[in-house]
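The values are calculated or read from the model by the stated rules, or taken from the named source; none is laboratory data. Bear in mind that the values here come from a model prediction, so they are computed numbers and not experimental data. Methodologically, a virtual Cβ is constructed for each residue, glycine included, from the backbone with ideal geometry; neighbour enumeration extends over all protein chains shown.
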Amino acid sequence: MATLSEDTPRIYEQSEDAVFGEIPIIASDIVYAGAAVGDSSGNGRPLAGGDAFMGFATEKTDNASGSAGDKRIKLRSKGYVKLVVTGVASEDDYDATVYASDDNTFTLTASGASSIGKVHRWISSTTCIVYFEGESHRSL
């Protein structure tokens, strides 16, 4: 997959421990709904491999003409999300670490990517439910 160029709402499973929040956006960028969001010096952006994962954008934030922090990205930073994950093949992938190499590409390969969570349940082919936690919600 490639980085998002339009809103791509995610399908989430209901969870009592879902967490929502906000992070200021970087200058001159757009984060689309459904994008994995990364941290860039305290501001959010479409995730780039190696960023600290902050969560998934719940709506589009257009700051294409703005300065850093002019707007805030609304996030779902903890919960269960349905994703296509390259490398997932069966129930045997339960608890495998899931990584993101950009805001819309998910894989079991760690190289050059950001950890976002774990395979919670395999559905079919490469589709699964991933338990995810933004960096600020992870255990020490």
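In this entry, ASP29 passes the filter for residues that are out of contact with any Cys (no Cβ under 8 Å at 6 or more places or on another chain) and within 20 Å of ASP7 (Cα to Cα).
In the stretch 1-19, the residue that is surrounded by the fewest Cβ atoms within 10 Å (Cβ to Cβ) out of those that are among the hydroxyl-bearing types (Ser, Thr, Tyr) and assigned to a loop (DSSP other than H, G, I, E, B) is SER5.
Which ones in the stretch 36-60 are more than 14 Å from ARG72 (Cα to Cα) and either crowded, with 17+ Cβ neighbours inside 10 Å or without any contact (Cβ under 8 Å) to a residue 60 or more places away in the chain (or both)?
The first filter runs over the stretch 36-60 and keeps only residues more than 14 Å from ARG72 (Cα to Cα), leaving 36, 41, 47-53.
Selection gives ALA36, SER41, LEU47, ALA48, ASP51, PHE53.
Out of all the residues in the stretch 91-112, which are over 15 Å from GLY38 (Cα atoms) and in a loop (DSSP other than H, G, I, E, B)? Within the stretch 91-112, TYR94, ASP95, ALA96, LEU108, THR109, ALA110, SER111 meet the criteria. Close contacts from the stretch 85-101, counting a first residue that is modelled with pLDDT of 95 or more and a second that is surrounded by 14 or more Cβ atoms within 10 Å (Cβ to Cβ) and part of a helix (DSSP H, G or I), with Cβ to Cβ under 9 Å and a gap of 6+ residues or different chains, come to VAL85/ASP93; GLY87/ASP93.
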